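S.K.: Encoded as structure tokens, here's the structure I'll be asking about.
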Amino acid sequence: MLQRLLTAGTLAIALPFCAHQACAHEGTGEKGGRLADAGPYHIELVTRDRRVEVWVYDAQEKPVSPAGFKGTAILVVGGKPARIVLAPAEARLAGEAAVALGTNPKGVVQITGPDGAAASGKFN
């Protein structure tokens, strides 16, 4: 009986946490892009033709100013990695690839915050 109660209690605690984690990776963000966790941040990736845009959000999903951030997107195009340098541009990080990327390229976005801490988000 005690074991059943402990198991039920563990599930009750774990399920909301798991549900939140799943939400961080599913669906689309405010700008219509894909979402991923990147360390203490959530990032949203939008690609249009050769343009790469990344919005950074905090743990409460509030926009974070890109000032002081830098980044690199490494996206797979035609079976080869395309490396795109990202720099602050208005309310996001942005860069341009040498070739068209398509709307949902796979890859990784690496960001470095103003404090020097690095994080990355994976996009499948």
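S.K.: ³J(HN,Hα) across region 92-105 via Karplus (A = 6.51, B = -1.76, C = 1.60, θ = phi - 60°), whole Hz, x for Gly/Pro?
M.R.: Going residue by residue, I get 8, 9, 9, x, 9, 8, 6, 10, 5, 9, x, 8, 9, x Hz, with x marking Gly and Pro.
S.K.: Using each residue's phi in region 119-124, evaluate 6.51 cos²θ - 1.76 cosθ + 1.60 at θ = phi - 60° and report the 3J(HN,Hα) Karplus result to the nearest Hz, with x for Gly and Pro.
M.R.: Rounded to whole hertz, the list is 8, 9, x, 9, 10, 9.
S.K.: Next up: Taking only the alpha-carbon positions of region 25-123 and ignoring solvent, what does the Debye formula give for the base-10 log of I(q)/I(0) at q = 0.11 Å⁻¹?
M.R.: Cα-only, vacuum Debye calculation for region 25-123: -0.26.
S.K.: Tell me which lysines have Cα within less than 19 Å of Lys80's Cα, excluding those fewer than 8 residues away on the same chain?
M.R.: Candidates past the 8-residue exclusion: Lys106, Lys122.
S.K.: What residues qualify as long-range amide H neighbours of Val64, i.e. H under 5 Å apart, gap of 5 or more or another chain, H built at 1.01 Å from N?
M.R.: Counting only residues 5 or more places away or on other chains, the set is Val56, Tyr57, Asp58.
S.K.: What ranking of Tyr41, Tyr57 comes out by heavy-atom accessible area, probe 1.4 Å, highest first?
M.R.: The most accessible residue leads, giving Tyr41, Tyr57.
S.K.: Can you figure out the FRET efficiency of Ala98 with Ala67, using R₀ = 35 Å and their beta-carbon distance, to the nearest 0.05? Walk me through the numbers on the way to the answer.
M.R.: Working: r = 27 Å, r/R0 = 0.77.
With a Förster radius of 35 Å, E is 0.85.
S.K.: Something else about it: Using unit Cβ charges (K, R positive; D, E negative) and no other charged atoms, how large, in debye to the nearest 20, is the dipole of region 25-123 about its Cα centre?
M.R.: Computed charge dipole of region 25-123: roughly 440 debye.
S.K.: Something else about it: Tell me the per residue accessible area of region 44-107 using a 1.4 Å probe; a whole number in Å² is fine.
M.R.: 55
S.K.: So, one more: For region 25-123, which whole percent of the accessible surface, found with a 1.4 angstrom probe, sits on carbon and sulfur atoms?
M.R.: Percent of accessible area from carbon and sulfur atoms in region 25-123: 52.
S.K.: Can you sort Thr103, Thr47 by 1.4 Å-probe accessible area, starting with the largest?
M.R.: Largest accessible area first, the list is Thr103, Thr47.
The values are calculated or read from the model by the stated rules, or taken from the named source; none is laboratory data. Fair warning: this is a prediction, and the values are worked out from it, not measured in the lab. Here the Cβ is made from the backbone with ideal geometry for all residues, glycine too, and neighbour counts use every protein chain on show. Heads up: the accessible areas ignore ligands, DNA and RNA and are worked out on the full protein's heavy atoms, side chains in. Shrake-Rupley method; radii C 1.70, N 1.55, O 1.52, S 1.80 Å.
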